[in-house]
Amino acid sequence: MPENDLHYLTISEASSHIKSGRLSPVELVNAHLERIEQTDDRLNSFVTLLADQAKAAAATAEAEIRSGNYRGVLHGIPIGLKDLYYTEGIRTTVGSKIMGDFVPDYDAAVTERFADAGAILLGKLQMHEFALGATSENPHQGPAHNPWDTSRITGGSSGGSGSAVASGQCMAALGSDTGGSVRIPASACGIVGHKPTFGRISRVGVFPLSNSLDTVGPMTRSVTDAAIVMNAIAGYDERDQSCANRPDEDFTRLLGKDIAGLRIGIPQEYFYEMIDEEVRVAVLQAASKLEELGARVEECSIPVLNDSISISGTILLTEAAEIHLDNLRERADDFGADVRGRLEEGAMNPAVTYIAAQRARTEFNRAIAESMKTYDILLAPTTAAPAPKIGEDIVEVGGQTEHKLALMPRLTRPHNICGIPTVSVPCGFSSDGLPIGMQLAARPFEDALALQVAYAYEQATDWHTRRPPV
């Protein structure tokens, strides 16, 4: 197998070759390390590269597989972790100066699960400082660069994960999604990002941003690969009080199943008030494609969506400020300006404002649940515009202007409020050659259904087969 093709294999393809003996984990890891060496000076995806450790793990995996101890589809597969997942003995900076030298003494639950599955960690990936932002323009480690156009942002906060997967530096990565931070960079970088149902994956050993909103999620180049990663990392963990005690499931089980008869709603409020015309057209064309595949697609009304920003913003910033209160008091100058400003804003929220937001959240969740008695899937654009330029703070969208820190997570916030599973999948490109994504949301714990619909669309189009110029 030609080595120059290895870094763009999907997990499902590579695992088949590894299992049959046609491909060695050593070959696969070396191909990805070479890819990182060729591209990371332009992308800045990695904060910490673990080349020697990865090579040793690949040799171990190869020996295990040859001796008949094949652990499954992730055995020998090179992956990356956003730099807020704890890794025992390996620096975990959370994108910050404050934790620049922090070395955890234990692994995150998902780090453990990847290791148990035989996946090989290539390194820790760039992110927006403390995950509090949607651009991954990091003042301490430099910005992550979009492989479709390196003058553009990757989105955030899981920006390094987005660029690394899209550019073939690793086969999958984990992001975290509090206001959209898996889906935003997935959309901006032209890959798949899955925000699972809140509580479906343990958050033990994941540095928090907002305890009632944070979600762990995979970022991959195909829907099948996202489901494969979900099979490995999802599951109950008694150490995490927010983790749902539910049986394990096979998230690939509905892939390839007919979507005929499924009802898909396109909310008319909120999502289209501020949107790039090319994004709007791409998403509506994607809806038509789903209709061609047999789904029943129709416009719907969910007025409570208009409260998304106020609810999400109040809860997220107040909870984040509580987490960082000591550092705000003692090391305020060590935060980047944008993160410090937002944390100080959250610290000024009175308790009554936070409580009011949580009460509004209850009503919001009730309204979403009511709408999903009618619709199996809610369809919307993932971001209102393709990736803006690095250093460009104000963006013009549909004749309006908005700061990109507010623009990029605008359309992803609603799904975090109610914790429903949502998959972002590529659905087109702008005239500038930048990816466009749509998000498909299902009822709580119907992650497999969201993946099923995303897979049906993916397989009916060719957006996922395109590769960035870097």
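Tabulated values for the structure
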| read-out | value |
| --- | --- |
| Derived scalar couplings ³J(HN,Hα) [region 306-319; Karplus, 6.51 cos²θ - 1.76 cosθ + 1.60; whole Hz; x for Gly, Pro] | 5, 8, 4, 5, 5, 5, 5, x, 5, 5, 4, 5, 5, 5 |
| R263 long-range amide H proximity, modeled H, under 5 Å | R296, D376, I377 |
| In Å², nearest 10: area of H415 left accessible to a 1.4 Å probe | 10 Å² |
| Stretchable slack from S12 to E277, in nm (0.36 nm times residue separation minus alpha-carbon distance) | 91.9 nm |
| Whole-percent carbon and sulfur share, accessible surface of the chain, 1.4 Å | 47 percent |
| Using θ = phi - 60° and Karplus 6.51 cos²θ - 1.76 cosθ + 1.60, couplings along region 392-401 (whole Hz; Gly, Pro as x) | 9, 7, 9, 10, 8, 9, x, x, 10, 10 |
| Amide hydrogen neighbours beyond the local backbone of T382, cut-off 5 Å, H modeled | G437, M438, Q439 |
| Per-pair calculated FRET efficiency, R0 = 51 Å: V103 and K289 via Cβ, rounded to 0.05 | 0.60 |
| Kirkwood Rh in Å, taken over region 1-56 so that all alpha-carbon pairs contribute | 12.1 Å |
| Ranking by accessible area, most exposed first, for K124, K257 with a 1.4 Å probe | K257, K124 |
| For a label point 7 Å along the Cα-to-beta-carbon line of R253, residues of region 90-133 with backbone N under 14 Å | none |
| Restraint check, K55/K97; K82/K195; K82/K257; K55/K82, Cα-Cα greater than 25 Å | K55/K97; K82/K257 |
| S151/S212 FRET efficiency (R0 30 Å; Cβ-Cβ; nearest 0.05) | 0.25 |
| Residues of region 133-159 with amide N under 13 Å of the 7 Å Cα→Cβ point at K389 | 150-153 |
| Label-point gap, in nm, between E344 and S67 - each point 7 angstrom along Cα→Cβ | 5.8 nm |
| Where trypsin sites (Lys or Arg not before Pro) fall in DSSP loop in region 11-68, at most 13 other Cβ within 10 Å | R22 |
| Shape category assigned to region 143-275 from the gyration tensor of Cα positions, a/c cut at 1.5 | rounded |
| Cleavage-rule hits (GluC sites (Glu not before Pro)) in region 229-336: DSSP loop, at most 16 neighbouring Cβ within 10 angstrom | E238, E249, E269, E273 |
| Heavy-atom accessible area order for D83, D116, largest first, 1.4 Å probe | D116, D83 |
| With eigenvalues of the C-alpha gyration tensor scaled by 5 and rooted, region 262-303, Å | 19, 15, 4 |
| Rounded accessible area of R203 (nearest 10 Å², 1.4 Å probe) | 50 Å² |
| Residue-averaged 222 nm ellipticity for the chain, from DSSP H runs of 4+ at -39500 (n - 2.57), nearest 500 | -11500 deg cm²/dmol |
| Spin-label model distance (nm) - E363 vs D116, 7 Å beyond Cα toward Cβ | 4.3 nm |
| Average accessible surface area per residue within the chain, 1.4 Å rolling probe, Å² | 36 Å² |
| Shape category assigned to region 377-470 from the gyration tensor of Cα positions, a/c cut at 1.5 | oblate |
| Trypsin sites (Lys or Arg not before Pro) restricted to region 352-392 and DSSP loop, no more than 10 other C-beta within 10 Å | K373 |
| Paired Rg and Dmax values of region 273-403, which use every Cα atom, in angstrom | 19.0, 58 |
| Förster radius 51 Å - calculated FRET efficiency between E37 and E299, Cβ distance, rounded to 0.05 | 0.55 |
| Residues with amide H under 5 Å from that of M408, placed H, sequence gap 5 or more | none |
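The values are calculated or read from the model by the stated rules, or taken from the named source; none is laboratory data. Computed from a predicted structure; not experimentally measured. Quick reminder, even Gly has a Cβ in these numbers, built from the backbone with ideal geometry, and neighbours come from all protein chains shown. Side chains are part of the model used for accessible areas, which takes the heavy atoms of the whole protein and leaves out ligands, DNA and RNA. Shrake-Rupley method; radii C 1.70, N 1.55, O 1.52, S 1.80 Å.
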